[in-house]
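The values are calculated or read from the model by the stated rules, or taken from the named source; none is laboratory data. Keep in mind it's a predicted model, so treat the numbers as computed, not measured. Backbone-built Cβ (ideal geometry, glycine too); neighbour counts: all protein chains shown. We work out accessible area using only protein heavy atoms, side chains counted, and drop any ligands, DNA or RNA first. Shrake-Rupley method; radii C 1.70, N 1.55, O 1.52, S 1.80 Å.
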Amino acid sequence: MRIRTTVAAVSGALALSALAVPAAQAADSVQGDTKITKVVVNGGKDIVIGTSTKKFTVTVTGTDPKGIKDGMAVLWRGTKFEPGSLTGLLPPVGDAKCTKVDATTGTCKLNFKRSPSQLGNHHAGKWKVMAGLLAKGSAEDHAIVESYKTVNVKRAARLTVNATPEPVKKNKTITVSGALSRANWETRKYAGYTQQPVQLQFKKKGASSYSTVKTVKSDRKGNLKTTVKASADGTFRYVFAGTSTTPAVTSAGDAIDVR
């Protein structure tokens, strides 16, 4: 038996075969002594998708007295792993590549890719990870966990900064502008991320770290603009802490020359 994940439309419904378990019965299933010990998605980082196809991997590690033969993983959204309850499904591209760690332990690696054109903006957020392993020397011994862990799938963000005028006399007012935008998966373009708090930070020339000057909120187009007094040479930047659907992002620094 080989573990496979096949997604197909059957009479208008979604049919999923995972470890040959029907979709309606794809809840946790264990037979024999097979155990899943670790699942790593995208190297332990959030999956951030911009306006081009994103590739990432999922590794499933586990044990069985006879060793590990094959593995599978699926990312999904919904209330239950059943055709009528799924709101998103992401299977791997191709079969798992499994390697032996020792006599009883194995790790299976699966490749995934997702185009933003296959996603709606509402798909950003938490996805569940189903994982499964098949033992060697048996067509039946396996472990499937319907929701082993969750992973954040986020819309990529961009942030800019521009401090003017430059050079500037000491204690004169400077304007620090910028823009916060994020990927719109439905148009495959970046658009302003509105009404979001963004920190303006400054690092004095010769200093080793930035300090926060104030918090600025992006306007209805995602633009940022504020004024500060020019006290010393240094560098300004904007920092966005991120949300549940958008990653944290920091602009490049813009240096000012105070004379």
Spread of Cα-to-Cα distances over 5 Å intervals beginning at zero, given as percent, for region 179-232: 5, 18, 20, 18, 14, 11, 8, 4, 2
With θ set to phi - 60° and the Karplus curve 6.51 cos²θ - 1.76 cosθ + 1.60, what are the ³J(HN,Hα) couplings of region 57-74 in order, to the nearest whole Hz, using x for Gly and Pro? 10, 10, 10, 10, 10, x, 9, 7, x, 9, x, 10, 9, 8, x, 8, 7, 9
How many times 2.2 N^0.38 Å is the alpha carbon radius of gyration of region 123-259? 1.54
Of the residues V228, V151, V41, which exhibits the maximal mean-square fluctuation in a Gaussian network model of the chain defined by a 10 Å Cα contact cut-off? V228
Amide H within-cut-off set for V30, under 5 Å, with H built and near neighbours excluded: I144
Rounded percent of accessible protein surface that carbon and sulfur make up, the chain, 1.4 Å probe: 47 percent
Rounded to whole Hz and in sequence order, give me ³J(HN,Hα) for region 96-110 from the Karplus expression 6.51 cos²θ - 1.76 cosθ + 1.60, θ = phi - 60°, writing x for Gly and Pro. 6, 10, 9, 10, 7, 8, 7, 4, 10, 10, x, 10, 10, 10, 10
Would you work out which of S138, G106, P167 lies farthest towards the positive end of the dipole of region 86-195? Charges go on Cβ: Lys and Arg +1, Asp and Glu -1. P167
If the chain between A232 and T164 were fully stretched, how many nm would it gain, using 0.36 nm times the residue separation less the Cα-Cα distance? 23.1 nm
For W185, the residues 5 or more places away or on another chain with a placed amide H closer than 5 Å to its own amide H are N121
Starting from the Cα of K149, draw a straight line to each of the lysines and keep only those under 17 Å, dropping any in the same chain fewer than 8 residues away. K35, K38, K45, K80, K109, K126, K128
If you build a Gaussian network model of the chain, linking Cα atoms that sit under 10 Å apart, which residue out of V30, V213, V176 swings the most? V213
If we count every other residue with Cβ under 12 angstrom of Q195's Cβ, Lys/Arg +1 and Asp/Glu -1, where does the sum land? +2
Accessible area, probe 1.4 Å, largest first, for residues Y238, Y148: Y148, Y238
Compute the length gained on full extension between K189 and Q31: take 0.36 nm times their separation in residues and subtract their Cα-Cα distance, giving the result in nm to one decimal. 52.2 nm
Which shape class applies to region 209-252: rounded if a/c is under 1.5, otherwise prolate when a/b exceeds b/c and oblate if not, where a ≥ b ≥ c are the square roots of the Cα gyration tensor eigenvalues? oblate
Please compute the per residue accessible area over region 70-113 with all protein chains in place, 1.4 Å probe, rounded to a whole number of Å². 47 Å²
Roughly how many nanometres apart are two label points built 7 Å out from the Cα toward the Cβ at K38 and K214? 4.8 nm
